[in-house]
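Nothing in this text is a laboratory measurement; each read-out follows from the coordinates by a stated rule. Only a predicted model underlies this, so the values are computations on that prediction, with no experimental measurement involved. Note that we place each Cβ from the backbone using ideal geometry, even for glycine, and neighbour counts take in every protein chain shown.
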Amino acid sequence: MQKALPLLFLAMTACSTAQTAETIGVSDVAVAQIRKADGTSHGVATLSRRTDGLWLNVSATGLASGTYGIHLHTIGRCEAPAFTSAGPHWNPANKMHGFDNPMGAHAGDLRNLVVGTGGAGVLEAKIEGGQWDSAMDADGLSLIIHEKADDYSTDPSGNSGARVICGVFGRP
């Protein structure tokens, strides 16, 4: 049952591009429940190894409308209140931060999460420069949502402010 939920989530998100888990060749899935420091749940994220690369799907709920920086961090730990236990951005290729940085981008750099007036936001991203075995090492990986938008260039964090929501991808 534990593997069925991530595959169901992945299949539902893949349907938006007319694909299913079978047609995209999913071989591994890790799930992170994303929460604020007080433990309040704000959605789920899945990291999946597919035949076409490493993919992240995020479904966030209960947030104020706006734009939020969102990144993968090197350590699978979310200790409240500031989530600094998640470490720096996941950066296996030793690059600078940001899509607009000529030296960028970290594998953990993602496009901003846009949340609508209903409090929900969805993000699907192919993780360029990241491999499953590097992501799912002994201490896993974290997903962090920051308090404001990433500017896509300021190293090391995109000037995206405090870490307000965190989730851990552990080894499946």
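Results, tabulated for the structure shown:
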read-out: Ranking of Thr40, Thr74, Thr61 by count of other Cβ atoms within 10 Å, fewest first; value: Thr40, Thr61, Thr74
read-out: Protection proxy ranking, peptides 161-168, 52-59, average beta carbon neighbours within 10 Å, highest first; value: 161-168, 52-59
read-out: Average Cα contact separation per residue, segment 98-172, under 8 Å, 6 or more apart, as relative contact order %; value: 32 percent
